[in-house]
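J.: Mind looking over this structure? Questions follow.
Every number here is computed from the coordinates shown, using simple stated rules; none is lab data. Keep in mind it's a predicted model, so treat the numbers as computed, not measured.
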Amino acid sequence: MTGQVIHTDARGVVAELAFGPQAMIAPHSNPNTTLFIVISGGGFVQVGNERSRVNHGEAIIWPAGVLHGAYTEGSEMRAIVVEFSGVDDAWARGIIEGSTAVLPSGEPGAARPTPTRASGALTERSNAGPEEPLPTGEPW
């Protein structure tokens, strides 16, 4: 596995990781919320005790203090990793975990919707694109 830091400042670190076949980030936890975005290929991720297959175009949130990892078997995977820093990364969680709302139309009397929050856990996969070959097994 190779990687390079793309950007770093007081708010966090952005890096690109390239996983070859049989590559792994061993399960670990850290004090910061991390966003893992698969930009090509596919592999597997762990969030807490959940493990799931991921493909290009999918993103995973690794909450602060939660065990997480990633690996490939017979395929390759590239990912952008954004690790937010600071004792209180709540501002980042609000963005990536989905403090979302549909904006009103601007018409007089348009109702303001109530924002919703996402859990940061693995969700059901969409069928948005073709999948990479499905290797089997888990290294941990």
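J.: Could you estimate the translational diffusion coefficient of the range 2-96 from the Stokes-Einstein equation, with Rh from the Kirkwood formula over C-alpha pairs, at 20 °C and 1.002 mPa s, in whole µm²/s? It would help to have the intermediate numbers written out before the result.
T.: Working: Rh = 13.4 Å.
Taking Rh from Cα pairs, D becomes 160 µm²/s.
J.: Okay, moving on. Once amide H atoms are built 1.01 Å from N in the peptide plane, which residues 5 or more positions from HIS56, or in another chain, come under 5 Å H to H?
T.: Here GLY41 satisfy the definition.
J.: Give me the number: length gained by fully extending ILE39 to THR2, i.e. 0.36 nm times residue separation minus the C-alpha to C-alpha distance, one decimal in nm.
T.: Length difference between fully extended and current span is 11.8 nm.
J.: Over the range 2-96, what is the mean sequence separation of C-alpha contacts under 8 Å (at least six apart), divided by residue count, expressed as relative contact order in percent?
T.: 38
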